[in-house]
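A quick write-up on the structure given underneath.
Throughout, read-outs are computed from the coordinates displayed, never taken from laboratory work. If you're wondering where the values come from, they're calculated on a predicted model, not measured in any experiment. Cβ placement follows ideal geometry from the backbone for every residue including glycine, while neighbour counts extend to all protein chains displayed.
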Amino acid sequence: MGFELLGLSEPTLKAVADAGYTEPTPIQAQAAPQVLMGRDVLGIAQTGTGKTASFTLPMIDILAEGRARARMPRSLILEPTRELAAQVAESFEKYGKNHKLSMALLIGGVNFADQEKALDRGADVLIATPGRLLDHFERGKLLLNGIDILVIDEADRMLDMGFIPDVEKICERITKRHQTLFFSATMPPAIQRLTDKFLDDPKKIEVARPATTATTITQMKIEVGPREKRRALRQLLRTQEVKNGIIFCNRKRDVKEVFASLGRHEFSVGQLHGDMEQRERMETLRQFKENEIQLLVASDVAARGLDVPDVSHVFNFDVPGHPDDYVHRIGRTGRAGREGTAYTIATKSKIDVRLLEAIEKLTKAKLPMDENFALEKESRPIRPSDRRRDDRKDSYRDSRRPNANTAKAADDMPHEPFVGMGPHTPAFLLRNTEKKAD
Ligand code: AMP
């Protein structure tokens, strides 16, 4: 089935063809005609299914008629994170390039005055995170009674991040009769209640069971000692055909450390965590999207919903603490029918065993062990001076240096014979010191 059967206009179809898409994904095929008919939609779909285009494409055609007035946006899209909001804005630009729709983006970390100017000019499409939208509303800079279409995207993520009360407030303030498009990967009770309250006889579209993982993803685990994880990661990165990959850590602190460690080992790497400024995060994301860096070390919250097409690999540096996060993490690869590989680095610890069981229960599939993987010693020995350096635990400080991305690893220096040892270097000097060295 081609896009032309969905009822979209010629200029929109042309933009879709220019984007290189030949066939609608299942959510696009099912949702777009319903949206064009003006119906409320409840889409149960993960990112990676093409859900963004499933609402942006028909919205572009609906909004092509009519004009926005100052401070009265005609449609509102709520996103849980600034990055997701920016990505949806990019979609509108890409698919709406043959239309003249005006757009405003209200996200945190960006100057209020510029956002107010965009609102004053009038917006056909307003894309916002809930907190910042309410700030503008409460300052009287924004009227919500011109909204014809409301989109609530990634509702379960909003729930995780504590945004549901804000979302409810916003829904209550849109008094005009409007169409609501609601998307969530899962339907926990709090989300169900929200849809019961605010959707009017919605067309329910479920494209993949909430907690199933895309079949285009090859999933594997490896098991190593707790102090061998970084070496195992490096081995995977060197032996797999990693075009680009995201490495997930459970804690911010580990994101920083793994990033610094990979930088010292001269991998092309960036990091994404909650302590970074918005500007830095957007810049890192841009570099990753444009292949200026090959790897991204990220925390769950920072990476939520990232649309980075065509990521070849996902590495779970830690087994995620919530099985839902596993599904979301590995959903960064194998998107829109492409092949992807997800590796999980586990230890024998009780906690990892329990977390893996929870993942297998949720995904209803066994996570196979990569039988071909055997942890190898890294060939080059460590010099005593490196050991002293590493003892100072400077990896954390390195991550804060501006050029930490390219910092040369002390333990990457070519090995020179140890002075005074004659032809034999004692074994203890050659022993791998992974524990602290990386
Ligand atoms: P989403 O689920 O909206 O985050 O989209 C996932 C990825 O699929 C994005 O990179 C889109 O550019 C891409 N995509 C969306 N629709 C299609 C399509 N019909 N064919 C191929 N790729 C698509």
Backbone HN-Hα couplings from phi across region 135-151 [Karplus 6.51/-1.76/1.60, Hz, Gly and Pro as x]: 4, 5, 4, 5, 7, x, 8, 8, 10, 9, 8, x, 6, 9, 10, 10, 10
Reachable lysines from LYS256, criterion Cα separation under 25 angstrom, eight or more residues apart if same chain: LYS221, LYS229, LYS243, LYS289, LYS348, LYS377, LYS393, LYS408, LYS435, LYS436
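Can you give the extra length, in nm with one decimal, that the chain gains between ARG39 and ALA190 once fully stretched, where that is 0.36 nm per residue apart less the Cα-Cα distance? Intermediate results must be reported in sequence, preceding the final value.
Numbers: separation 151, 0.36 × 151 = 54.36 nm, distance 2.27 nm.
Going from the current span to full extension adds 52.1 nm.
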Euclidean distance between Cα centres, region 137-214 to region 1-78, Å: 17 Å
Separation in nanometres of the label points that stand 7 Å from Cα toward Cβ, at LYS94 and VAL301: 2.8 nm
